[in-house]
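Taking it in order: structure first as structure tokens, then the write-up.
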Amino acid sequence: MKKKSLIITVLLLVAFSVAFFIGTKYSHGEQSIKLISGNNYFPYKGKTPDIGIIDTGIQTTHQYLEESNIDQYYLDDLSKTSQQMHGTMVAGILARQNKGTGTLPNAHIISIQAGTDMGMTSKQLASAIYLAVKKGVKVLNISMGTTKNEPILEESVSNAIHHGVIIVASNGNKASEKKYYPASYSGVINVGAIAGNSKVINPSDIGKVDIFAPGNDIKTIMPNRKELIKFDGNSAATPLVASAAALIINENPNLDPEEVKKIIIQTAKINKEDNQSIPVLDVSKAIKRAKEEKKNEK
């Protein structure tokens, strides 16, 4: 019975809203970057630690990704059947080139295609996390999750954090009081989304996530389409936090996952909404804190 429940645990928090955008030059959306004080940091075109994306795979031949540094791995033949839509959209936020740039256009991206656009099981996600550790990923973006707390998934997360991997995962997009995994596991940076007016998109995220970042009208790409699109939801906010984590580690490689998480939380801007505190990513303050801690180590 336990085996059966594991098989039907589908990780489909890839819920999103999409609108097509015909644009010219665009550098990730000035407004979204301003909201997180990232104007002086993104796009960052230097080297960063290896960044993993566990998702539905990436269309590496896309005209805005074909010059990006992406290595793609598959768990099995079934995962190769994915249309790679959600994964390509996530990767476009991070690594897009040519028509404007992503946050980290020259980063080495390790894509692990662990399922299809219909979702994946906890077992598949856990296997992908173990593979990410094996491939030397330092920052791991997981823009999906499940309400099922499966031991196999928790063990893979604990192992990754033990090996120094910073895991950044999205909370659920649906209004729910339930916890979502792997975002809710200890040591993981749990991400929620705010709109352009700084209001939380999913009010149920308040008090449950560690940090908020823009997740409304984030421009990115979609497989087999030349035009940019707008990407909404926690899935879209997560790569922004993962990008910040990569720059923090770039600044101070000695930080462990818990220390990076602590810096991101402690340097957050605190917005107020219905008398509740909303911690919003502040890239500038986070990087400055990482620099300060590096000086203190000497």
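Throughout, read-outs are computed from the coordinates displayed, never taken from laboratory work. Here the structure is a predicted model, which is why all the values come from computation and not from measurement. Every residue, glycine as well, gets a Cβ built from its backbone with ideal geometry; the counts of neighbours run over all protein chains shown.
Averaging sequence separations of C-alpha pairs under 8 Å and six or more residues apart, then dividing by the length of the chain, give the relative contact order as a whole percent.
Dividing the mean separation by the residue count of the chain yields 22 percent.
In the stretch 72-190, what % of DSSP beta bridges are antiparallel (nearest 5)?
Close to 20 percent.
Given the options Val133, Ser184, Val200, identify the residue whose Cα lies farthest towards the positive end of the charge dipole of the stretch 18-297 (+1 on Cβ of Lys, Arg; -1 on Cβ of Asp, Glu).
After comparing all options, I get Val200.
Roughly how far apart, in whole Å, are the Cα centres of the stretch 234-298 and the stretch 87-124?
Cα centroid of the stretch 234-298 versus Cα centroid of the stretch 87-124: 21 Å apart.
Do the alpha carbons of any pairs in Lys80/Lys262; Lys45/Lys226; Lys134/Lys261; Lys47/Lys135; Lys208/Lys230; Lys219/Lys269 sit beyond 28 Å of each other, and which pairs?
Correct reply: Lys80/Lys262.
Diagonalise the Cα gyration tensor of the chain and give the resulting equivalent ellipsoid semi-axes, square root of 5 times each eigenvalue, largest first, whole Å.
25, 22, 20
For the stretch 136-262, what is the percent of antiparallel DSSP beta bridges, rounded to the nearest 5?
Close to 30 percent.
Under 11 Å from the Cβ of Asn106, count the other residues' Cβ atoms, weight Lys and Arg +1, Asp and Glu -1, and hand me the total.
Once positives and negatives cancel, what remains is +1.
Quick check on the stretch 18-297: of the DSSP beta bridges with both residues there, what percent are antiparallel, nearest 5%?
Antiparallel bridges: around 35 percent, rounded to the nearest 5.
What does the helix-only formula give at 222 nm for the chain: each DSSP H stretch with n ≥ 4 adding -39500 (n - 2.57), the total divided by the residues, and the result rounded to the nearest 500 deg cm²/dmol?
-9500 deg cm²/dmol, from helical runs alone.
Using the crude model of +1 on Lys and Arg Cβ and -1 on Asp and Glu Cβ, and no other charge, please compute the dipole size for the chain relative to its Cα centre, in debye to 20.
For the chain, the charge dipole is close to 240 debye.
Quick one: which of 124-137, 256-269, 236-249, 106-119 comes out on top by average Cβ neighbours within 10 Å, and what's the full order, highest first?
With the highest mean Cβ count within 10 Å placed first, the list reads 236-249, 106-119, 124-137, 256-269.
What ranking, highest mean first, results for peptides 189-197, 165-173, 212-220 when packing means the other Cβ atoms within 10 Å averaged over each residue?
The most tightly packed comes first, giving 165-173, 212-220, 189-197.
Hey, can you grab everything whose amide H is under 5 Å from the amide H of Asn69? Only 5+ residues off in sequence or another chain; H modelled, so Pro and N-termini drop out.
Amide H to amide H, under 5 Å and 5 or more residues apart or across chains, Asn69 pairs with Ile109.
Got a sec to turn the phi values of the stretch 44-59 into Karplus ³J(HN,Hα) couplings, 6.51 cos²θ - 1.76 cosθ + 1.60 with θ = phi - 60°, whole Hz, x for Gly and Pro?
Working through the residues one at a time gives 9, 9, x, 7, 9, x, 4, 10, x, 10, 9, 6, 8, x, 10, 7 Hz.
Quick one: which residues, 5 or more positions from Ile194 or on another chain, have an amide H under 5 Å from its amide H? H modelled 1.01 Å from N in the peptide plane, none for Pro or chain starts.
Those qualifying (amide H under 5 Å, at least 5 residues apart or on another chain) are Ile201, Ala213, Gly215.
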